[in-house]
Amino acid sequence: MSACVTRLVVGVAAIVLAAATALGELCPKCRDLAFTTDVGHCAECPNTTGSRALKLCKKCSTRLGQCEHCRAPVKKGADITLGDDANGKTVAAQPNQTLLVKLRGNPTTGYQWSLAKLEGDAIEAVGKPDYVGDKSPREIVGTGGTYHFTFRAVKPGKATLTLAYARPWEKDTPPIKSFTLTVEVKEPAAKAKQ
Ligand SMILES: [Zn+2]
Ligand SMILES: [Zn+2]
């Protein structure tokens, strides 16, 4: 894991809170931090923040498009979004762009997508994968949903990521599905060295 990730205070309650914090309110750097549950005060309004470590409440974070923790600008959504059909492909990205890989899965079967391999240091995984269940009118359990993996292009170069759909306890069984993506990170043309 990258050394720049500073874990604040990690406790059971903090992990629960961090898991409940939706992606998008924290910048990629802060997304995999864990926060304590004691509240703080928003720098912009009289509301309280979810943790004393945060500078903005959720509302101000959304309104201003800034990270709740460090106030860095937070972009809406990822720069590049890919689905199951990108399996085996190569995509181009620029440094600091984020890539979101969304794969269909159904955790009620015991199978789940996980990052099996990341070769190359041109990209890095951001935070923990998210699972978003399909909204069904009757809240039917077991309908499946989408796994979200976020990566960030770090520097020019090439990286290949492999995601595997497997049952975590079946260590000796090969995954029933896998997803491989190669990312070529290049500086934008104007910035590239002559
Ligand atoms: Zn506020
Ligand atoms: Zn931040």
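Restricting the stretch 64-85 to residues that are near ligand 2 (Cβ under 10 Å from one of its atoms) and in a loop (DSSP other than H, G, I, E, B), which is surrounded by the fewest Cβ atoms within 10 Å (Cβ to Cβ)?
In the first step, residues of the stretch 64-85 are kept if they are near ligand 2 (Cβ under 10 Å from one of its atoms); the result is 66-74.
Next cut, in a loop (DSSP other than H, G, I, E, B) only: 67-72, 74.
Working: Cys67: 22, Glu68: 26, His69: 24, Cys70: 16, Arg71: 17, Ala72: 13, Val74: 21.
For the stretch 64-85, the residue satisfying everything is Ala72.
Of the residues Arg31, Arg71, which is closer than 17 Å to Gln97 by Cα and either at pLDDT below 85 or within 15 Å of ligand 1 (Cβ to nearest atom) (or both)? Break it down stepwise before answering.
Details: Arg71 fails: closer than 17 Å to Gln97 by Cα.
Only one candidate qualifies: Arg31.
For the structure I just gave you, tell me whether Ser51 is in contact with a Phe, Trp or Tyr (Cβ under 7 Å, 6 or more places away or on another chain) and farther than 26 Å from Thr162 by Cβ.
yes
Would you tally the residues in the stretch 34-45 being within 15 Å of ligand 1 (Cβ to nearest atom), assigned to a loop (DSSP other than H, G, I, E, B) and of a type in the set (Gly, Ala, Ser)?
Filtering the stretch 34-45 down to residues within 15 Å of ligand 1 (Cβ to nearest atom) leaves 39-45.
Now drop any that are not assigned to a loop (DSSP other than H, G, I, E, B), which leaves 39, 42-45.
Applying the additional criterion that residues be of a type in the set (Gly, Ala, Ser) yields 43.
Within the stretch 34-45, residues that are within 15 Å of ligand 1 (Cβ to nearest atom), assigned to a loop (DSSP other than H, G, I, E, B) and of a type in the set (Gly, Ala, Ser) number 1.
Return the residues of the stretch 30-39 that are over 13 Å from Val126 (Cα atoms) and within 15 Å of ligand 2 (Cβ to nearest atom); say none if nothing qualifies. Break it down stepwise before answering.
Residues of the stretch 30-39 that are over 13 Å from Val126 (Cα atoms), as a first pass: 34-39.
Ala34, Phe35 - these are the residues of the stretch 30-39 that are over 13 Å from Val126 (Cα atoms) and within 15 Å of ligand 2 (Cβ to nearest atom).
As an exercise: evaluate Ser61 against (1) over 29 Å from Val185 (Cα atoms); (2) loosely packed, with under 14 Cβ neighbours inside 10 Å and give the number of the one condition it does not meet.
(2)
Condition test on Ala53, is it within 30 Å of Thr173 (Cα to Cα) and either within 16 Å of ligand 1 (Cβ to nearest atom) or assigned to a strand (DSSP E or B) (or both)? Talk me through it step by step, then tell me what you get.
On the way: within 30 Å of Thr173 (Cα to Cα): no; either within 16 Å of ligand 1 (Cβ to nearest atom) or assigned to a strand (DSSP E or B) (or both): yes.
Considered against the rule, which asks whether it is within 30 Å of Thr173 (Cα to Cα) and either within 16 Å of ligand 1 (Cβ to nearest atom) or assigned to a strand (DSSP E or B) (or both), Ala53 comes out as no.
Of all residues in the stretch 25-48, count the ones that are within 24 Å of the chain's Cα centre (by Cα), of a type outside the set (Lys, Arg) and surrounded by 16 or more Cβ atoms within 10 Å (Cβ to Cβ).
Residues flagged as within 24 Å of the chain's Cα centre (by Cα), of a type outside the set (Lys, Arg) and surrounded by 16 or more Cβ atoms within 10 Å (Cβ to Cβ) within the stretch 25-48 amount to 10.
The values are calculated or read from the model by the stated rules, or taken from the named source; none is laboratory data. On a predicted model such as this, the values are computed, not experimentally measured, just so you know. No Cβ is skipped: glycine too gets one built from the backbone with ideal geometry, and neighbour counts run over all protein chains shown.
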